[in-house]
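*Asks:* Right, I'll just put the structure down here and ask away after.
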Amino acid sequence: MTDTHAIDIVSVTKVYPHRTDPVVALDNISFSIGDNEFFTLLGPSGCGKTTLLRMIGGFEDITKGQILLFGDDISRLQSNQRPVNTVFQQYALFPHLTVYENVAFGLKRLGRDTDFIKTQTHAMLELIRMAEFAERKPSQLSGGQQQRVALARALAPQPKVLLLDEPLSALDLKLRQAMREELKEIQKHTGITFIFVTHDQEEALTMSDRIAVMSNGQVQQIGSPKEIYDNPTNIFVANFIGEANILKAKVTGPEKSPAKASKAKASKAQAAAKDQVKLCVDLECGIKGLNIFSQSQFQKGKQINVMIRPERIQIKPLSRGRGKVNTVGGTVKSISYLGTDTQVQLLLDDGESLLARLQNTIDATSSFGVGNKVEITIPEIAIRALSE
Amino acid sequence: MAGWITKGGNGAQTSIVDGKQHILLMPAWFVIGILLVIPVLVMLIYSFLTQDFRGGVIWEFTLEAYDQFFIDRGLFGDEPARIEWTYLGIFWRSFLQALFAMVFCFLIGFPTAYFIATRAPKSRSFWLFLITIPYWVNLLIRTVSMKFLIRDTGPLNNWLMSWGVIDDPISMINTNFAIQLGLFYSYLPFMVLPIYASIERYNFALSEAAADLYSNRWTTLFKVVIPAVKPGIIAGCILVFIPSLGAFLAPDLLGGAKNFMIGSLVEEQFKGQSGDWPFGAAVSMILLTIIMIILLFYARAQSRDNNGGH
Ligand SMILES: Nc1ncnc2c1ncn2[C@@H]1O[C@H](COP(=O)(O)OP(=O)(O)O)[C@@H](O)[C@H]1O
Ligand SMILES: [Mg+2]
């Protein structure tokens with residue numbers, strides 16, 4: 001290992017004790033977070049994100065395992081001894097102190113000299129553009145302003161790692177989107193490692209360098225937003241991030257020579273999906289001999305699930321032309337207009353249903369209506385095999 | 001955020017009251033008018049009347065009662081006027097006693113309230129129940145039992161002697177200590193309950209935030225917890241201080257004659273044939289005035305606090 005990680009989670013288990021039914025909130029998880037990374041813990045409510053964050057912050061003890069901060073074991077340190085700060089979900093600003101006093105609080109406890117406290121606090125207030133609110137009390141601020149003060153308060157002591165527990169969830173949509181940009185900016189500007197908790201996949205995709213998708217106290221997949229969206233490893237990740245069609249398929253063997261797909265296209269896709277193998281599968285809906293990407297090797301004859309994103313599916317009115325590659329017949333069940341795109345619910349001829357999303361480009365005309373027979377093209381390059 | 005939620009609540013309340021304000025407020029006006037204002041007015045008037053020597057008053061207006069309180073004209077009233085220290089002394093002693101009672105109640109009451117408020121929600125009511133059990137018994141009976149408990153031959157001294165902590169009984173009856181004990185025991189729940197209510201509403205994430213920002217337990221307590229629950233503490237202090245100031249059972253029964261307090265002084269004036277009603281009324285009015293001034297200062301400080309810090 002050339003550079004040390006900001007955080008190493010080493011075989012960490014958390015059990016909340018209870019007389020009758022103890023809760024296993026985290027089940028033997030291990031991963032590392034790099035320095036300067038914007039790292040997101042993403043998962044549905046109850047999957048253990050907050051628990052993990054609270055353990056890094058020192059608010060919850062570790063049942064088993066270790067947490068390292070730049071190589072040092074911090075598992076036994078009290079939270080006031082960890083050079084890590086938290087932006088709490090409901091902000092937890094001190095109501096009796098002014099904005100300035102809130103931001104200066106940590107520096108004062110650290111016993112920094114008064115001049116430094118002054119300049120640092122003012123610098124933080126400038127950073128969040130709240131300098132003119134320095135003398136206000138938290139109750140005199142809007143939700144978004146309180147949020148920024150909470151951020152400044154946690155950044156002021158210059159922690160090695162900043163923990164953020166769903167910091168945007170209490171804000172309205174517009175503000176939330178603006179704050180995403182701002183948080184990302186601040187993270188780049190300060191160079192502090194951010195560990196960000198959210199259940200909102202869009203938030204995770206737009207902000208993160210890397211995402212850990214969690215469910216049921218386990219990490220399902222870790223990767224960049226693109227990796228996770230394009231190459232989900234299992235059904236949970238595929239469904240949780242964006243929308244996904246899950247289809248049944250049968251492995252017929254290793255990759256066949258890519259006769260039909262153009263060479264350039266294939267190699268580009270190859271580059272995007274490193275560490276992947278290619279399989280040849282038959283879809284249950286009738287398309288045969290597809291060469292698709294997979295993260296793991298499967299035996300010939302095995303039944304697997306494959307995934308295709310709705311926006312990768314193409315729909316055309318039924319025609320008699322030749323060269324219908326990777327195409328099946330189906331019926332349009334419903335069409336919903338969503339502004340930027342149109343969502344089409346399809347029923348394949350074999351009875352499976354499929355979701356497609358067509359972008360509403362400037363010259364888009366709906367060449368089919370509800371009840372029409374259409375032909376549906378599923379490009380093999382967009383199909384991914386999923387593990388169990 | 002919490003700010004405008006509260007404001008919204010107030011707004012709703014106002015609109016409900018607006019229409020039928022007078023009808024809805026009738027019971028409140030009745031209680032305040034009949035049970036509070038009228039008796040105080042009666043007292044105020046009596047304090048300016050002339051004493052009838054068999055108790056009661058003669059309807060002749062005079063400042064005699066106040067004169068007696070503040071000014072010393074010698075035994076026969078013919079010496080040059082000097083400041084009368086006797087009653088001011090009693091007031092001063094009472095203030096000190098009430099202040100100590102308040103401080104002791106706080107020192108014990110705050111940790112107690114904190115302990116109860118941090119139990120699991122289900123067991124909190126049990127602990128509150130325990131705190132209030134003794135108060136199902138009449139104050140007089142409790143004070144008398146206290147007297148039995150701490151007298152020279154009482155159980156407390158017996159235990160201390162049998163454990164060899166002391167050789168001779170400590171005489172506690174008729175001391176300031178006994179009065180303190182009595183006041184403390186009488187008014188402890190008035191300290192515990194409002195503080196408990198504040199701590200129960202306290203957002204413990206604030207304590208976590210303080211720890212996150214490098215505070216140890218003590219700095220968290222003094223810099224965050226106590227300021228945040230200050231309204232409850234102040235309410236508790238007022239609720240202990242004011243009745244302690246006018247208390248007469250504890251001073252009478254446990255303090256004896258030489259540790260006279262305001263409450264006993266007033267009680268004396270209205271008891272039996274020897275009482276002096278106008279003087280008792282005047283002492284009450286002076287006490288009331290002082291308390292009002294204290295509360296007024298507190299209210300002023302409070303509103304300054306709320307209007308945007310410093
Ligand atoms: N203090 C606690 N006592 C018992 N169980 C808890 C406690 N905190 C969390 N849990 C349980 O642990 C699991 C993970 O919770 P949490 O970390 O809060 O999830 P998330 O933040 O992902 O929503 C949940 O099943 C939750 O009910
Ligand atoms: Mg959570």
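The values are calculated or read from the model by the stated rules, or taken from the named source; none is laboratory data. Note that this is a predicted model, so its numbers are computed, not measured. Here the Cβ is made from the backbone with ideal geometry for all residues, glycine too, and neighbour counts use every protein chain on show.
*Asks:* Need at least 2 residues that are under 20 Å from the mean Cα position of the chain (by Cα) per element, so show me which helices (runs of 4 or more DSSP H) inside segment B:208-298 make the cut, counting only ones lying wholly within it.
*Replies:* B:230-246, B:262-269
*Asks:* Scan segment B:188-205 and tell me whether some residue there is farther than 20 Å from A:L93 by Cβ, modelled with pLDDT under 90, touching a helix residue (DSSP H, G or I) at 6+ places or on another chain (Cβ under 8 Å) and in a helix (DSSP H, G or I).
*Replies:* no
*Asks:* Among A:K226, A:K250, which is surrounded by fewer than 18 Cβ atoms within 10 Å (Cβ to Cβ), within 19 Å of A:S208 (Cβ to Cβ) and at pLDDT 85 or above?
*Replies:* After applying the criteria, what remains is A:K226.
*Asks:* Is it true that some residue in segment B:178-198 is out of contact with any Gly (no Cβ under 8 Å at 6 or more places or on another chain) and free of Cβ contacts under 8 Å to residues at least 40 places away in the same chain?
*Replies:* No; the residues of segment B:178-198 include none that is out of contact with any Gly (no Cβ under 8 Å at 6 or more places or on another chain) and free of Cβ contacts under 8 Å to residues at least 40 places away in the same chain.
*Asks:* Separate question: Counting only residues that are in a strand (DSSP E or B) and among the charged types (D, E, K, R), which one in segment A:26-82 is nearest to the chain's Cα centre (by Cα)?
*Replies:* The extreme case among them is A:D27.
*Asks:* Hey, another quick one. Looking at A:G111, A:G191, A:G144, which is the one that is more than 16 Å from ligand 1 (Cβ to nearest atom), surrounded by fewer than 16 Cβ atoms within 10 Å (Cβ to Cβ) and farther than 26 Å from B:T220 by Cβ?
*Replies:* Just one listed residue meets the conditions, A:G191.
*Asks:* Residues in segment A:35-44: is at least one touching a Leu at 6+ places or on another chain (Cβ under 6 Å) and within 16 Å of ligand 2 (Cβ to nearest atom)?
*Replies:* Among the residues of segment A:35-44, not one is touching a Leu at 6+ places or on another chain (Cβ under 6 Å) and within 16 Å of ligand 2 (Cβ to nearest atom), which makes the answer no.
*Asks:* Could you check segment A:86-161 for helices (runs of 4 or more DSSP H) lying wholly inside it with 2 or more residues that are facing chain B (nearest Cβ under 8 Å) and closer than 14 Å to B:Y214 by Cα?
*Replies:* A:99-109, A:143-155
*Asks:* Just the residues that are part of a loop (DSSP other than H, G, I, E, B) and either surrounded by fewer than 18 Cβ atoms within 10 Å (Cβ to Cβ) or of a type outside the set (A, V, I, L, M) (or both), please, taken from segment A:2-25.
*Replies:* Across segment A:2-25, the qualifying residues are A:T2, A:D3, A:T4, A:H5, A:P17, A:H18, A:R19, A:T20, A:D21, A:P22.
*Asks:* When you check A:I228 against the structure, is it farther than 26 Å from A:D8 by Cα and among the hydrophobic types (A, V, I, L, M, F, W, C), yes or no?
*Replies:* no
*Asks:* Further question on the same structure: Tell me whether segment A:196-214 contains one or more residues that are farther than 25 Å from A:Q276 by Cβ, more than 16 Å from ligand 1 (Cβ to nearest atom) and acidic (D, E).
*Replies:* yes
*Asks:* Can you name the residue in segment A:46-85 that is acidic (D, E) and within 14 Å of chain B (Cβ to nearest Cβ) and, of all such residues, is farthest from ligand 1 (Cβ to nearest atom)?
*Replies:* This residue is A:D61.
*Asks:* Quick test of your reading of the structure: A:S32 fulfils all but one of (1) within 16 Å of ligand 2 (Cβ to nearest atom); (2) surrounded by fewer than 20 Cβ atoms within 10 Å (Cβ to Cβ); (3) at pLDDT 95 or above. Name the failing condition by number.
*Replies:* (1)
*Asks:* How many residues are within 30 Å of the chain's Cα centre (by Cα) and within 7 Å of chain A (Cβ to nearest Cβ) when one looks only at segment B:184-207?
*Replies:* Residues that pass the stated criteria total 1.
*Asks:* Can I ask one more? Before we move on, is A:F236 under 30 Å from A:Q345 (Cα atoms), modelled with pLDDT of 70 or more and within 16 Å of ligand 2 (Cβ to nearest atom)?
*Replies:* no
*Asks:* Here's another thing I want to ask about it. Within segment B:231-248, can you find the residues that are surrounded by fewer than 21 Cβ atoms within 10 Å (Cβ to Cβ) and under 12 Å from B:Y185 (Cβ atoms)?
*Replies:* Residues satisfying the conditions do not exist here.
*Asks:* Confirm whether A:V15 is within 12 Å of ligand 1 (Cβ to nearest atom), in contact with a Phe, Trp or Tyr (Cβ under 9 Å, 6 or more places away or on another chain) and either modelled with pLDDT of 95 or more or more than 14 Å from chain B (Cβ to nearest Cβ) (or both).
*Replies:* In short, no.
*Asks:* Criterion first (more than 12 Å from chain B (Cβ to nearest Cβ) and either under 21 Å from A:S208 (Cα atoms) or not hydrophobic (A, V, I, L, M, F, W, C) (or both)) does A:E166 satisfy it?
*Replies:* In short, yes.
*Asks:* Do we have any residue at all in segment A:174-195 that's outside any helix (DSSP H, G or I), acidic (D, E) and modelled with pLDDT under 95?
*Replies:* No, because not a single residue in segment A:174-195 is outside any helix (DSSP H, G or I), acidic (D, E) and modelled with pLDDT under 95.
*Asks:* While we're here: Sort out which residues of segment B:103-150 are in contact with a Phe, Trp or Tyr (Cβ under 8 Å, 6 or more places away or on another chain), more than 28 Å from B:L221 (Cβ to Cβ) and of a type in the set (D, E, K, R), and write them in order of number.
*Replies:* B:R142
*Asks:* Check segment A:121-130 and report whether any residue there is among the hydroxyl-bearing types (S, T, Y) and crowded, with 16+ Cβ neighbours inside 10 Å.
*Replies:* Within segment A:121-130, one or more residues are among the hydroxyl-bearing types (S, T, Y) and crowded, with 16+ Cβ neighbours inside 10 Å.
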